[in-house]
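Structure first, commentary second.
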Amino acid sequence: MSPAESRADRAERILDAAADLLTRVGYRRTTVEDVADHADVGKGTLYLHWKTREALFLAVLRREGARTMEDLVHALEADPQVALLPRLTEVQFTNVVNRPLLYAGYAADADLLGKLLPKLHGDLNPRHDELFEDYLRLLAGHRLLRTDRPVGEIAVAYRAMMHGFLLSPRTGDPAAAAALLADTVAHAFTPPGRPPAAKVRAIAPRAVAIFTEAAELDRAHLRRAYS
């Protein structure tokens, strides 16, 4: 590590190397030695950050998840309409599909990721689920979500729908799949009609705060290896 490089910068460089190797050659054929060489650090230095190979690769996926959530926040900041559930779904589906390491887990690509994604989901902070339900309650409070079912039930049904689309073989145009998912979500979970723009603008800042907190949960977990 150069005098100007911080421990956090070095950790990011190691994760960059691991992500590149995972994408190019897959989980089974990527060793800790390969990552260390690609990152230009010693194997012992790598272990100062992550104690096991699995912990390193889980950190790669956690960073991908955080980046996906950060992309969603940026989309929300750029366009308040993304705060509506169908549009948010379209954006988030596209974010995942466009990140090969995350999408590989849903596509059952064992060679690329092994069985890491289920372990990542099992290790998520429970606050992730709470935050999503907070978001649904925000929509419900402004009559932008169906109210004949409890928010908890809607959350379960929504996740099943999202995961079902991600698990389906990706054929044709991914943008068309994202649009179809958004339309399905609109018919299943939201009232008919176009909501007033003022109402959408009113909920956008709170939606930004909710998903910023979700991204920070993963970033905080990553920083444990950076300090």
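Can you tell me which residue is farthest from the chain's Cα centre (by Cα) among those in segment 127-172 that are among the β-branched types (V, I, T) and surrounded by fewer than 14 Cβ atoms within 10 Å (Cβ to Cβ)?
T147
Check whether at least one residue in segment 161-168 is in contact (Cβ under 8 Å) with a residue 24 or more places away in the chain, more than 23 Å from T212 (Cα to Cα) and of a type in the set (G, A, S), and report yes or no.
The answer is no, given that none of the residues of segment 161-168 is in contact (Cβ under 8 Å) with a residue 24 or more places away in the chain, more than 23 Å from T212 (Cα to Cα) and of a type in the set (G, A, S).
Restricting segment 198-213 to residues that are without any contact (Cβ under 8 Å) to a residue 60 or more places away in the chain and small (G, A, S), which is farthest from V73 (Cα to Cα)?
The selected residue is A198.
Checking L180 against (1) without any contact (Cβ under 8 Å) to a residue 40 or more places away in the chain; (2) not in a helix (DSSP H, G or I), only one condition comes out false. Which one?
(2)
Being among the hydrophobic types (A, V, I, L, M, F, W, C) and out of contact with any helix residue (DSSP H, G or I) (no Cβ under 8 Å at 6 or more places or on another chain) narrows it down to one of A207, A179, A186, A202, so name that one.
A202
Among the residues of segment 22-39, write down those that are open to solvent by 20 Å² or more (accessible area, probe 1.4 Å), at pLDDT below 95 and not β-branched (V, I, T).
R24, Y27, R28, R29, listed by residue number.
Taking only segment 68-78 into account, find how many residues are touching a helix residue (DSSP H, G or I) at 6+ places or on another chain (Cβ under 8 Å) and open to solvent by 20 Å² or more (accessible area, probe 1.4 Å).
Total satisfying the criteria: 5.
In segment 185-227, which residue that is over 21 Å from the mean Cα position of the chain (by Cα), at pLDDT 95 or above and buried (at least 16 other Cβ atoms within 10 Å of the Cβ) is nearest to R127 (Cα to Cα)?
Here the residue is I203.
Could you tell me whether any residue of segment 75-91 is modelled with pLDDT under 90 and either over 30 Å from A175 (Cβ atoms) or not polar (S, T, N, Q) (or both)?
No, there is no match, as no residue in segment 75-91 is modelled with pLDDT under 90 and either over 30 Å from A175 (Cβ atoms) or not polar (S, T, N, Q) (or both).
Do we find that A225 is more than 20 Å from T147 (Cα to Cα), without any contact (Cβ under 8 Å) to a residue 40 or more places away in the chain and either in contact with a His (Cβ under 8 Å, 6 or more places away or on another chain) or of a type in the set (G, A, S) (or both) in this structure?
No, not satisfied.
The values are calculated or read from the model by the stated rules, or taken from the named source; none is laboratory data. All values reported here derive from a predicted model rather than from experimental measurement. Backbone-built Cβ (ideal geometry, glycine too); neighbour counts: all protein chains shown. Side chains included, ligands, DNA and RNA excluded: accessible areas come from the protein's heavy atoms. Shrake-Rupley method; radii C 1.70, N 1.55, O 1.52, S 1.80 Å.
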